[in-house]
Amino acid sequence: MSLRDFIALSPLLIVATGALVLLLQLAFVRSHRAAFATFLLTLAAASVDGWIRLPAVEQATAVTTLLRVDRFSLFFCLLFFFTSAVCGGLGYRYLRARLTGNRGTSTTLSSCPSSSSCGEFYFFVLLATLGACTLVSSQHFASFFLALELISLSLYPLLAFPVPLAKWGAGRDVSNREAALSLESGIKYLITSALATALALFGIALMYAATGNLQFSSMDFSRGESALLIGGFALLLAGVAFKLSLVPFHVWTADVYEGAPTPVTAFIATLGKTALLAILLRLFSEFSVHILETSVAMISLLAVASMLGGNLLALRQRNVKRLLAYSAIAHMGYFLVVYLVIDRGIAREATIYYLVAYTVTTLCAFSAVSLIDDAALSDVSNPQVTTGDDRNPFQQSFYRGLFWRSPTLSLCLAAALLSLAGIPFTVGFIGKFYLITAALDGQLWGLLGALIVGSALGLFYYLRLLLTLVEAPPIASGQTAGVRVVVDQPHTSAEPAARNNPLLISRSGLGLLLLLTALLLIFGIYPQMLINGINAL
Amino acid sequence: MTLLWLLALLILGGGLSWAGENLRRGCGHWIALTVLAIAILLLGRYLPQALDVLAAEPKPQTLWWDHIRVPWIPRFGISFTLAIDGLGFLMLALTLLCGLFGLVMTWREIRRRTGCYLANYLWTLAGVVGVFCAQDLFLFFCFWETMLVPMLLLIAIWGHEQRTRAAIQFFIFTQASSLLLLAAIVGSTLVHYQMSGSVSFSPQQLTATLHTQFAETPYAYWLMLGFFIAFAVKLPAILVHTWLPDAHTQAPTAGSVLLAAILLKTGAYGLIRFTLPLFPAASTAFSPVAMALGVAGILYGALMAFSQTDIKRLIAYSSVSHMGFVLLGIYALNSIALQGAVAQMVAHGLSTAALFGIAGSLQHRLHSRDINDVRGIWQTMPALAAVFLFFIVAAMGLPGLANFVGESLVLIGTYARFPWFSALAAVGLIGAAIYGLKLVVRVLFGPPPAVREASDATMGSSGLMDLRRRELFALLLPLLLLVWIGLYPQPLLRQSAGWSNLLATYFTAPAADGDKAASLQGAAP
């Protein structure tokens, strides 16, 4: 490797170095805040490096036979850095809310012994980011597989990240419940993901046997559709479909999403999927899927099943995280449409735009959910409040009337929901517009039909959540007078008081959420900016 | 520029009245009223052009009065194009006047979260104004979808008993069908791209390519169907009308007024403005089906209206019936019927807005919409009853009032091509008389229910407030307009003449000569 190669790989190297530094730092300084600072600093340095290098990269630089750095991969590295920073920021709020509890008790809890064990969170996030960046830069199945495993291996501990046990009243129940769910989600993902990885690896081996090479660009398809090739491709596809949670490989999704700490759910929903989708774009355009007639049928089947299955399964969900999980399944299904028209000019642009749209929207939705959860925790730690179904901050009933309590927060969540549903002037609509254009361009009538039916089904559950936000809060006195008036009145009991107070959201969390919402609207109202950027790649 | 100001004013005004209401209770309504008044004045800027049209028939070159075009997404040739012509002027005037009427009529009705309510009310109007002005299909679609969001909230937050269900049903019906519209729009653009090599969402440029031999292919028919279904759901045509009775009944009074008077018209407007000019050949082939749907809607709506006991539901079904006339008139594909359809749109907007307003004020007073509870109001509230009677007979199509103009022109225009459809539709007029008279007999003149009198015994029969002066003024607006249009419809008909004459040229000589396409391109705003 020459110096040129090192320079080409510099964003990846920065992240790797940052991860190592963070690990060393944690051996000496167990401060949560310092760990977070190192994490942000690493990402900032890597982003600045990537940002500067992006216009300068004229053509692709192959770094050994394994990696290849070009504008495409740098662009996605930047997107992943952004994703990680957001998820890390959410994680910071998440961990802090659990470490310190509500503000009144923070002094007594700072000495909590378990509070020192959370710096590793950022280490794993950095590792996963490194994996994602390596994945989009890979041009060889060896690096592809290594990067995929790096992502998965750092996701396991994140999913089951030990929630510091709270030592006070009602909060302990919450903590225990969270810890159990999170452990369950981690183990579920570990077992199923291991199986999928094995399948994918076997698939790669079979394809190697059929084509005689592992580098994407020099695989030899001249021998046509042998059973080896088709079998290998099918197994690889199954492994990939598992990671993307496509129907029928989706069974793990809802449980894992529900159990994981919400920032990690956001992470797995965005980075865990977009990295793979981005590399698939490169993979498929190297050996155009249309070489394999069978694969078109397989992908179409997966797409239609995911679009319809995801949306149908989401219809009856009352848990917001599970709902978003099924909605993600449906969105992955929409996404596959683009891969079937990969040889068309619009496919690349559509893929990248939709990836950005999906990332921004999903991050926005999960940020809102995560911040609501954190705020609810400090509510719940209030010992006089009872527990119950509508006390669970992920149940839909918890969101009832939220708009009248915390308008800004709810508006952001509403914007995310509208974007997921694909209403104009949000980024999700432009994404959907691209998909419909791609489907029409490739004359995929069946898939277009499934897309339309799926979107119509999707409207129902997005809307139900949206309307839950604006429903009247469940108190008797709110029926006749405005909430503003009610708040001013003296309360007869503590319960309505708790229901009407705005959720306490930290300013930094709200700022993050507003930033995401702003991006969501800007890219929706003025998409040309992003389109120009994508076409320059 | 005026159009842009109009749009910006309504959007900003919504936010302002929300903020104003939060600062001081009762302030929001006045802000909203001011905003609407300024909007109407802004629209009044086009009065000279409207008067010009009365003097001389507009040529295709002078069809558009004003336009604004700003590139928006150059990658897809999408521009932010707003334009206005006689047809658009009529629709905008209807929108703003009905918006004003709805605001004044229900001044005191909403007491909960009033600021947010007013904001959503004005934003719905802004969306509709956008729909009536947009001359770029992508932009049109954006307004078409987003105008539903504030409407959805109006129904879902301030509606009656079953509001959430009705709101979701309304939204899903219209959004699902508009996905078809989006697919059809993109499909037309792709055809244009394949034939000319450039991407454009401008309806004029699309017209030029779609009128070539492509118009004969089955694809054109499918694309036309995509447009038709989306607009038919909003219209609503029979079979896809099921969202309407629920949404109208559950919406708050002002929401019903907006839905009935304005939102339904966007469907008809879409058919006239886009479906017919883009796909003349396919529309001609499809017209018998559409007209059959129209006639079926007229008869079915009248029948269903007759069997309702909920006043708002009855009016809602009568809308299905009246909009059937509009559909019939549009697909008769000649200038007379088309102008009749436009006149019917305006007349129906005004009369139904008033009917829903009165039904709302009855509910406000009596806390019931049931015909069996609301009886004999002539004795208790004579002024309100008299005005109610006027609007009922207007909706029945009494000669001398606006609805009669629209319906008779539609029937005359249809008779030329399809006498049987015309004859069947005329039966619908009798149906209208039957359900109208049912309303008159039961609600106005029936014996007042004994139960209520017993409970109101302490207050005496005068406990019911007759028409307030505010309501009377509000109702005078549609009343006078209906009489004026009924007696002297020429100014109104002239406004839509420019566009309907242009359309008629496509259908009298549907040959694909570039001449026609060129003439329309010349008319590009």
**Q.** Fully extended contour minus Cα-Cα distance, from A:V251 to A:I191, at 0.36 nm per residue
**A.** 20.4 nm
**Q.** Separation in nanometres of the label points that stand 7 Å from Cα toward Cβ, at A:A205 and B:W222
**A.** 4.5
Q | Nearest 10 degrees, 0 to 90: helix A:507-525 Cα axis against chain A principal axis | A | 50
**Q.** Integer Hz, Karplus 6.51/-1.76/1.60 couplings in order for the range A:24-34, x for Gly and Pro
**A.** 4, 4, 5, 5, 10, 10, 9, 7, 5, 5, 5
Q: Report, in cubic angstrom per residue, the convex hull volume of the C-alpha atoms of the protein assembly as shown.
A: 165
Q. Given the protein chains as shown and a 1.4 Å probe, how many square angstrom of B:W107 are accessible, to the nearest 10?
A. 40
Q | Calculated on alpha-carbon atoms, Rg and Dmax of the range A:396-457 in Å | A | 15.4, 47
Q.
For A:S218, project a label point 7 Å along Cα to C-beta. Then give me every residue of the range A:52-85 with its amide nitrogen under 16 Å of that point.
A. A:62-68
Q: Would you kindly compute the Cα radius of gyration of chain B and its largest Cα-Cα separation (Dmax), both in Å?
A: 22.4, 79
Q) B:L476 to B:V427: extension gain in nm, 0.36 nm per residue of separation minus the Cα-Cα distance? A) 14.6 nm
Q) Amide H to amide H, which residues 5 or more places from A:L67 or on other chains are under 5 Å from it, using H placed in the peptide plane? A) A:Q139
Q. Along the range A:409-419, what does the Karplus equation 6.51 cos²θ - 1.76 cosθ + 1.60 (θ = phi - 60°) give for ³J(HN,Hα), rounded to whole Hz, x for Gly and Pro?
A. 4, 5, 4, 5, 4, 5, 4, 5, 5, 5, 5
(Q) Using amide H atoms built in the peptide plane, which far-off residues or other-chain residues are under 5 Å from B:D66 H to H? (A) B:I84
Q | Averaged over B:183-190, number of beta-carbon atoms from partner chains that fall within 10 Å | A | 4
Q) Any idea of A:H250's accessible area? Nearest 10 Å², probe 1.4 Å. A) 30
(Q) Is there a quick way to get the dipole size of the protein assembly as shown? I mean about its Cα centre, with the Cβ of Lys and Arg at +1 and of Asp and Glu at -1; what is the value in debye to the nearest 20? (A) 1860
Q. So how far, in whole Å, is the C-alpha centre of the range B:327-355 from the one of the range B:383-432?
A. 10
**Q.** Accessible surface buried once B binds A (1.4 Å probe; total of both sides; Å²)
**A.** 3500
Q: Would you compute, from DSSP H runs of 4+ residues alone, the mean residue ellipticity of chain A at 222 nm, taking -39500 (n - 2.57) per run and dividing by the full residue count, rounded to the nearest 500?
A: -25000 deg cm²/dmol
Q: Find how much the distance from B:E161 to B:L12 grows on full extension, using 0.36 nm per residue of separation minus their present alpha carbon separation; answer in nm with one decimal.
A: 50.5 nm
Q. Using a basic spin-label model with each label point 7 Å from the Cα along Cα→Cβ, how many nm lie between B:L190 and B:A416?
A. 3.8
Q. Helix by helix, which DSSP H runs in chain B go 18 Å or more along their axis at the Cα atoms and have an average Kyte-Doolittle hydropathy of 1.0 or more?
A. B:2-23, B:27-44, B:86-105, B:114-133, B:218-234, B:280-306, B:311-331, B:382-396, B:419-439, B:469-487
**Q.** Nonlocal amide H pairs with B:W72, under 5 Å, H built at 1.01 Å
**A.** B:I78, B:S79, B:F80
Q. Taking a probe of 1.4 angstrom, what is the accessible area of A:W252 in Å², to the nearest 10?
A. 20
**Q.** Neighbouring partner chain Cβ atoms per residue of A:417-424, average, 10 Å criterion
**A.** 4
Q: Any chance you could give the angle, 0 to 90 degrees and rounded to 10, that helix A:71-100 forms with the longest Cα principal axis of chain A?
A: 20
Q. Looking only at trypsin sites (Lys or Arg not before Pro) in DSSP loops with at most 11 other Cβ atoms within 10 Å, what is the longest site-free stretch of chain A?
A. A:1-222
Q. How long are the three semi-axes of the equivalent ellipsoid of the range B:1-70, in whole Å, if each is the root of 5 times an eigenvalue of the C-alpha gyration tensor, listed from largest down?
A. 34, 13, 5
**Q.** Per-residue HN-Hα couplings for the range B:74-80 [Karplus 6.51, -1.76, 1.60; θ = phi - 60°; Hz; x = Gly/Pro]
**A.** x, 3, 10, x, 8, 10, 7
Q) What is the mean number of Cβ atoms from other protein chains located within 10 Å of the Cβ atom of each residue in peptide A:518-527, rounded to a whole number? A) 1
Q: With the cut-off at 27 Å, report for the range B:62-190 the share of all Cα pairs above it, as a whole percent.
A: 29
Q: Could you calculate, for chain A, the ratio of the Cα radius of gyration to the Kirkwood radius, expressed as Rg to Rh?
A: 0.98
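The values are calculated or read from the model by the stated rules, or taken from the named source; none is laboratory data. Note that the coordinates shown come from a computational prediction; the quantities given were computed from them, not determined experimentally. Counting neighbours? That spans all protein chains shown, and the Cβs are built from the backbone with ideal geometry, glycine included. Accessible surface is based on the protein model in full, side chains and every heavy atom, while ligands, DNA and RNA are left aside. Shrake-Rupley method; radii C 1.70, N 1.55, O 1.52, S 1.80 Å.
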